[in-house]
1. Any chance the stretch B:236-250 includes a residue that's of a type in the set (Gly, Ala, Ser) and within 14 Å of chain A (Cβ to nearest Cβ)?
2. Among the residues of the stretch A:365-380, is there at least one that is touching a His at 6+ places or on another chain (Cβ under 7 Å) and under 25 Å from residue A:169 (Cα atoms)?
3. Any residue at all in the stretch A:124-145 that is within 14 Å of chain B (Cβ to nearest Cβ) and either in a helix (DSSP H, G or I) or within 26 Å of residue A:287 (Cβ to Cβ) (or both)?
4. For residue B:131, state whether it is touching a Ser or Thr at 6+ places or on another chain (Cβ under 8 Å) and either within 14 Å of chain A (Cβ to nearest Cβ) or free of Cβ contacts under 8 Å to residues at least 24 places away in the same chain (or both).
5. Restricting the search to the stretch A:116-150, which residues are crowded, with 24+ Cβ neighbours inside 10 Å, in contact (Cβ under 8 Å) with a residue 60 or more places away in the chain and of a type in the set (Ser, Thr, Tyr)?
6. In this structure, is residue A:164 in contact with a Ser or Thr (Cβ under 6 Å, 6 or more places away or on another chain) and either of a type in the set (D, E, K, R) or buried (at least 24 other Cβ atoms within 10 Å of the Cβ) (or both)?
7. So, in the stretch B:269-287, of the ones that are under 20 Å from the mean Cα position of the chain (by Cα) and part of a loop (DSSP other than H, G, I, E, B), which residue ends up farthest from residue B:238 (Cα to Cα)?
Amino acid sequence: MKRKLIGAVVGAAIMSLATGQAYAQAKAPAPKLSGDMVKIGVLTDMSGVYSDLGGQGSVTAAQMAIDDFKAQAKPSWKIDLVYADHQNKADVGSNKAREWYDTQGVDMITDALNSAVALAVSKVTLEKNRILIDTGAASTRLTNEDCSPNTVHYVYDTYALANGPGKAVTKQGKDSWFFLTADYAFGHSLEKDTADAVKANGGKVVGAVRHPLNASDFSSFLLQAQSSKAKVVGLANAGGDTINSIKAANEFGLTKNQTIVGLLTTIIDIHALGLSTTQGMMFTEGFYWNLNNETREWSRRFFGKHKKMPSMLHAGTYSAVMTYLKAVQATGTDDAATVMKKMKATPINDFFAKNGKIREDGRMEHDMYLVEVKKPAESKEPWDYYNIKAVIPASEAFQPMSLSRCPLVKK
Amino acid sequence: MSEIFGIPIQAFMGQLMLGLVNGSFYATLSLGLAVIFGMLNIINFAHGALYMAGAMLAWMGLNYFGIGYWWSLLLAPLGVGLIGIVIERSMLQWLYKLDHLYGLLLTFGLALILEGLFRDLYGVSGLPYSIPEEFAGAYNLGFMFLPKYRAWVILASLLVCFATWFVIEKTPLGAYLRAATENPKLTQAFGINVPLMVMLTYGFGVALAGFAGVLAAPAMQVSPLMGSNLIIVVFAVVVIGGMGSILGSIVTGLGLGMIEGLTKVFYPEASSTVVFIIMAIVLLVRPAGLFGREK
């Protein structure tokens, strides 16, 4: 019985090896376009805490990019869009990606917000030799320890979010920090990255409190932040936790004497809270709709379809899909390595990024913005929320290549 | 400065006070659950969603009809109560004779539907609801800076909890109610309309959740997920207090709020777990809960 079982297992292993080889051989003479079409998958959180940040908006943005590309470049091939809800679960996300790659002929996956999901999908993408352009996840691991020749990290990461305020705010003389940190990997790494930037610029960290994810009440934690007498309270959390922290900070009068810095705050959060609660907050954004005519023009079009202004994820997803399609057009193939080579060689110039560059480790470098939330009286129209305090140039915004822990980077 | 366990007494008192605010929400919510379980034998998993609906109705009232906070405090619970009555008449009433599990599954499904509905309409980031002007500012209590609104939350919840306890335990109406749960057939034989009482009880129980929702709206972000974050803790409170015990749920709600508040100072990482640790211990030592009676 036991021997039979072992035999079966070994047999299965040999079978899978054989089919894997057959697959690789079939793949070798790359057809110009697999399945005679390009298929793009938006894998995102459609119903959970991050669904306003990505979600349906990302699907809309990707569809806009496809429509615009068809109108401009008039390709002879078909482009198809699919999307799915990964429910913020790494296993659901990677299974969906596998299914898409194996049975539906998906060539490229985008959005993939939530770092845990992103890391899992990146592995599947490498295994299946397709492309992941991640516009939603935050973890710097995607381009460091877990970097992959098939993955691009497009919009932001924890280094970029932490570095901007850590440096700029500290240099303004607000040099003592207290952190309110979500007690899981993302919060810890955001806190660490910011603390490093604060210390490097002559500031000090006076304390931190770790709160559980989705804590319903933040008043206790904020009272601790208040009694620390730190000049800055850094919120190393995201989504609903950030929103509730800010709301309580306002109620307990922290905003009078201390500056609240959101380390992952987006326009979606500001819209949810209103300006009277958030005025004076500072944080880093990868995109703002009201920067110039180009961003306004695109964002208003997006607004027409989605009824909300775009987050940096939405704008980034449009830009990523466009960049990918242009590279396919230019190379005449959807072979991952060829397209990736082309994307890395071509600077990205659109409303989202100026002279954006995809580096060897997969990091897309572009300018980031240090923003301050306007007072209600300064806001001239709905969604007019930010004063741009500084443009952080691409070369400073992201982790320098010299510090890279990515094995692909030759030093 | 004097200290308790290494922290200044001021901070200690402050955290106790904040714990009391959270405890007020726990007490009001678990009271509704206890009333429903005690009278109907239904484990109402839709409670969190109805709490959210209360907050949402307050927001909708303000933004679509210009109804202010005070009217919302009355109207939103009524609205939620009506929703509850519709649920009871159309669905729940067929389940009383069946196992608890059926009621639990039905109400859990309803909760998911309600949350999905509001999520589809308004997204997950939530909606702003500002603190009414009367409560802007804060009291300086010497040991802490207590926002006036939070003080009002404690006061309002205590009043409502006390009134509920009084009606059920000390008035003739409450006596009928208790009789109707103890022995529905006999009570009906005395000429009391039992199905009507049961319907109103469910309506009232969920109206309490709606009331807590309106109270929470200015203090927390109004969002479709606000109920699901809270409901599990509230169930733990009911279990610790003793399923169906009115007084138990009030006292345990307030007490656990304070214990949780202190945990946030001593070991913040455990603040979301401490309630469940206590629940496990209580179940081991007193399976019927602190105030429950063994049947």
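1. Checked against the condition, which is being of a type in the set (Gly, Ala, Ser) and within 14 Å of chain A (Cβ to nearest Cβ), the stretch B:236-250 yields at least one hit.
2. Within the stretch A:365-380 (the criterion being touching a His at 6+ places or on another chain (Cβ under 7 Å) and under 25 Å from residue A:169 (Cα atoms)), the answer is no, since none of the residues qualifies.
3. no
4. So residue B:131 does not fit the description; no.
5. A:135, A:140, A:143
6. So residue A:164 fits the description; yes.
7. B:271
Every residue, every condition in (1) at pLDDT 95 or above; (2) in contact with a Gly (Cβ under 6 Å, 6 or more places away or on another chain); (3) exposed (fewer than 15 other Cβ atoms within 10 Å of the Cβ); (4) assigned to a loop (DSSP other than H, G, I, E, B), yes or no:
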{"position": "A:343", "(1), (2), (3), (4)": "yes, no, no, no"}
{"position": "A:370", "(1), (2), (3), (4)": "no, yes, no, no"}
{"position": "A:381", "(1), (2), (3), (4)": "no, no, yes, yes"}
{"position": "A:389", "(1), (2), (3), (4)": "no, no, no, no"}
{"position": "A:399", "(1), (2), (3), (4)": "no, no, no, yes"}
{"position": "A:402", "(1), (2), (3), (4)": "no, no, yes, no"}
{"position": "A:407", "(1), (2), (3), (4)": "no, no, yes, yes"}
{"position": "A:410", "(1), (2), (3), (4)": "no, no, yes, yes"}
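The values are calculated or read from the model by the stated rules, or taken from the named source; none is laboratory data. These numbers come from a predicted model, not from an experiment. Virtual Cβ from ideal backbone geometry, glycine too; neighbours counted across all protein chains shown.
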